[in-house]
């Protein structure tokens, strides 16, 4: 048996019990000072009456304080709940399913506690109010597949029920009202008791109810009563959330400025002013903005920050707390790199730099990035100098019209690519296809994507242009929608390649109008090789003088250097499964995933068509998941679902419509037990008794006061 | 004959308080009283020359001193001092407790009017009147004398006296015992806030010497009725260190009981010693006090 209050805030009124004491102290302080000759008689009189008088005064004080406490108590509308009240009803046994909404929206806080915590407390009271012969079970609205398949049964043991309540955890899963009702109704159907009821504690947001109707259920038990208890009221709650975070200006070069854009949405019917949005990199706050949001308005909040030092980083965008904290943080991860070291090997240095084969390449790679930080550090060398270079100092090596390499040089180059380096060939008049095939299209140093054919010479007045641009390719992503920029270049001579569509793993990125491949690439080991069938300078083409040349070279070198890794890392949204993309050679390897709450999961890469993927669903909490393979590490930014961010409530009439032909009693959390009949919580009102006591106390006080 | 209403107003202490001069106040009281009583039973007889004063129309022709007219060629009236048949001592309490008053007049003021009125009446009837003001000891002693000119001295002293200090009436009475060699009437005007037993012992001494003793016990209405309502700190008017915080409503009954016992003890003791004892709240008209004196003189 327990005591509850419908208006517990009035209990603070009991503090007013201090008023008589305060009034006494004030009057004592403000007591008149009266000069009087007959004080001796007062002293004699006081000695006689003091004890009796003080006792009476104390009694009076106690009565007045008690009266105030009783008034506050009665205003708080006390109700007696629990087994004794229930026992008084002498009702036959009843089977009850407590269905507790554990969806993410129940994490909303109206005060100190979340709605789920309050629902558990309420359910605990309801469990306590069960009669001895009643049986019950506590079911979460959202259950894991494993829990749903486990045997569940009704129990009369209150300890078991309280344990079931304690085990309830919030879930990120999508709300599935029909399944939950089906489970509950099935349990009630199996019960042999005559009286059955379903008590559903929820905030009753619209999510999950849109498509629900009772007719969808295959089992609806007879004699079932529905008691719904709503937490948080029927009005739409205020909620602001971050829906997305994007980072632009790829690749992320350390210390270079990057733009982070957070999408913030007000999912409330009221406008909000000065909502604070904080940007964190790691645990460091690096940006803050205040935004005004109209009703249901979505805004993008831009931040410009300096990219952190080369490496993997995580961060978050955070909103100042509202009632629903689950969507106030959005995690992201990114990788930054140092500028790419590029070795430009000049196969035809010429007599001046302008005449050299790499002049235009050098010009294209030397300009600083648009953000004032260099993306590339190109180093030009004559072809003879390649032997002296330590190749591991570079990410990309560009061979421009290089006639030949020694066998040792070729071997070093091959090793460089296999270990992850990028190699970019440019053709030229020194490139002899036969010799090249002999050097680079052989089993021990198979560097060329395709075997080279004979050069094709076009008439000066009939140059050929680029016909096909594979802009979906990472190296040419810049030209998506802007393919014409590349197609303006004219080609007078180029090397043909054999069997472009027959060699697996070789991709044609650019093809000329006559279908001849101009640019092909293939992966080799952990590195990449690209072959450009024309010259890097103006000898065979005017492309170096075209606008497209610089972004093309940047794209090719960036691709060869794996600069795409220097980008926003993959993200996932709970509870949707994510697929981690690997490379072909990752097939069968293991990825160790460490969750933000310290748990470890192992998943494996496997081939799925052309892709190598590792599917993952075992999320625990939103945050940064650390991925580790034998060769690399990465971050996976996992954010909670935003599907539960809309706190629009389903109204009682609509709910009733969806539950026809069953009828339900909907009670609000604050007024639970106040319903005239059919309340889920049997209660006995005590206010009238308290008021009666108050009247008696006041009468006694009046008598005492008049006697004094 | 004046109506009772007129007389009340005429002798109302508060009305008298508006009259600035003490002698004038006394004259108002006494003449008003005497006119009501018709002839004074204590008319003295003149035998002894007192002074000359210039004739004014209305004086009796037979009282003109023709010898003086012969010498100065101006009319003088010959005045005689009436022979005294009583020697009265007015003992007025001038302790701090007498400075208390709730109705616009302190007990001391009331006592002064009373003393002055008595003095005027006595002098008017040819008695000698002396005055003693005291607190813990005798402050001032004015020996008894007759004649209306003495009234001025008495009134001036009363006007100049300010109540202060504690009361030790027994000590004062002992001190006076040596000075009052000739028997007479002793009128004590005081709130008697002292040990009744000790005071009565001293008064008894005077009675043994065949003095007439009249006690005018002057108390304020607040002292008699204790009408206070609010929580109050009562501070002893003679000793500010003594303070009592009390709720008057709670203590009133006990206080009034104590006060009644105090008054009853004086009444009983005075009756036993044939001392004329009268309680005078400061609201009592002064003619009542004079009537009581006259009744005693009879």
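Structure values in brief
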quantity: Fewest-first sequence of B:278, A:688, A:392, A:534 by Cβ atoms within 10 Å of each Cβ; calculated: A:688, A:392, B:278, A:534
quantity: Peptide B:96-109, shielding by other chains (average Cβ, 10 Å cutoff); calculated: 1
quantity: Net length gained if the chain between residue A:480 and residue A:271 were fully extended (0.36 nm per residue, minus Cα distance); calculated: 71.3 nm
quantity: Average beta-carbon neighbours from other chains, 10 Å sphere, peptide A:53-66; calculated: 1
quantity: Zone of residue A:546's modelled label, taken as backbone nitrogen in region A:500-535 under 11 Å from a point 7 Å along Cα→Cβ; calculated: A:511-513
quantity: Computed Kirkwood radius, in angstrom, where 1/r is averaged over Cα pairs of region A:150-305; calculated: 20.3 Å
quantity: Evaluated over region A:576-639, the Cα radius of gyration and Dmax, each in Å; calculated: 11.3, 34
quantity: Order of A:205, A:351, A:617 under a 10 Å beta carbon neighbour criterion, fewest first; calculated: A:351, A:617, A:205
quantity: Between region A:386-426 and region A:447-475, the alpha-carbon center distance in angstrom; calculated: 22 Å
quantity: 10 Å Cβ neighbours from other chains, averaged over peptide B:216-226; calculated: 2
quantity: Label-to-label distance, nm, for residues given as residue A:12 and residue B:264 (7 Å Cα→Cβ offset); calculated: 5.9 nm
quantity: Estimated inter-spin distance, residue A:465 and residue A:113, nm [label 7 Å along Cα→Cβ]; calculated: 7.3 nm
quantity: Sequence-separation-based contact order of chain A, relative, with Cα cut under 8 Å and 6+ spacing, percent; calculated: 15 percent
quantity: Residue A:40 paired with residue A:703, simple spin-label distance in nm, labels 7 Å along Cα-to-beta-carbon; calculated: 4.1 nm
quantity: Relative contact order %, region A:576-649, counting alpha carbon pairs below 8 Å whose residues are six or more apart; calculated: 29 percent
quantity: FRET efficiency, residue A:341 to residue A:290 (Cβ-Cβ, R0 45 Å, nearest 0.05); calculated: 0.60
quantity: Extension gain from residue A:451 to residue A:434, taking 0.36 nm per residue of separation minus the Cα-Cα distance; calculated: 5.2 nm
quantity: Difference of contour (0.36 nm per residue) and Cα-Cα distance, residue A:458 to residue A:304; calculated: 50.5 nm
quantity: Sorted by Cβ neighbour density within 10 Å, fewest at the top, the residues A:53, A:41; calculated: A:53, A:41
quantity: Alpha carbon convex hull of region B:171-298, volume per residue in cubic angstrom; calculated: 118 Å³
quantity: Cβ-derived FRET efficiency at R0 30 Å, residue A:167 paired with residue A:133, nearest 0.05; calculated: 0.75
quantity: Chain A, helix-only ellipticity at 222 nm - DSSP H runs n ≥ 4, -39,500 (n - 2.57), divided by all residues, nearest 500; calculated: -7500 deg cm²/dmol
quantity: Cα-based Rg and Dmax for region A:340-565, where Dmax is the largest Cα-Cα distance (Å); calculated: 15.9, 44
quantity: Calculated FRET efficiency for the pair residue B:183/residue B:59, C-beta based, R₀ 60 Å, to 0.05; calculated: 0.95
quantity: Percentage relative contact order, region A:245-328, counting C-alpha pairs under 8 Å, at least six apart; calculated: 35 percent
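Computed from the coordinates by the stated procedures, all read-outs in this text should not be read as laboratory data. Owing to the predicted nature of the structure, the values given are computational and were not obtained by experimental measurement. Using ideal geometry, Cβ is built from the backbone for each residue, glycine included, and neighbour counts are taken over all protein chains shown.
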